[in-house]
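Working notes for the structure below.
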Amino acid sequence: MKKYHSIPEEKRQAAVKALEKQVLKEVRNIYPSQGKETGIYILTGDCPVCGSSVPAEQRCCGNCGQRLDWSLD
Ligand SMILES: [Zn+2]
């Protein structure tokens, strides 16, 4: 009997993926888009991971959960 237990590869990879989403990634293609109901323009960007459009006030992607960096330098 082993005295240690190794972490199964699939669990390890899931943990790595979860950690990667905690790391800020720069939003791509920040552009103004007009709200369908409000008619007000808000900044929108594309998630660098899944490509979903995300309104600027959101700290993470609503689709994949990636944390987003909105710095515009
Ligand atoms: Zn995403």
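The values are calculated or read from the model by the stated rules, or taken from the named source; none is laboratory data. Computed from a predicted structure; not experimentally measured. Every residue, glycine as well, gets a Cβ built from its backbone with ideal geometry; the counts of neighbours run over all protein chains shown.
Here is a check on your reading of the model: is Asp69 of a type in the set (Asp, Glu), near the ligand (Cβ under 10 Å from one of its atoms) and at pLDDT 90 or above?
When the stated conditions are applied, Asp69 does not pass them.
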Query raised in the report: Would the stretch 2-21 turn up any residue that is of a type in the set (S, T, N, Q), away from the ligand (no atom under 16 Å from the Cβ) and touching a residue at least 40 places away in the same chain (Cβ under 8 Å)?
Result: no
Query raised in the report: Just wondering, is there one or more residues in the stretch 40-57 that are in contact (Cβ under 8 Å) with a residue 24 or more places away in the chain, in a loop (DSSP other than H, G, I, E, B), away from the ligand (no atom under 13 Å from the Cβ) and over 11 Å from the mean Cα position of the chain (by Cα)?
Result: yes
Query raised in the report: Which of (1) touching a Cys at 6+ places or on another chain (Cβ under 6 Å); (2) surrounded by fewer than 10 Cβ atoms within 10 Å (Cβ to Cβ) does Val23 not meet, given it meets every other one?
Result: (1)
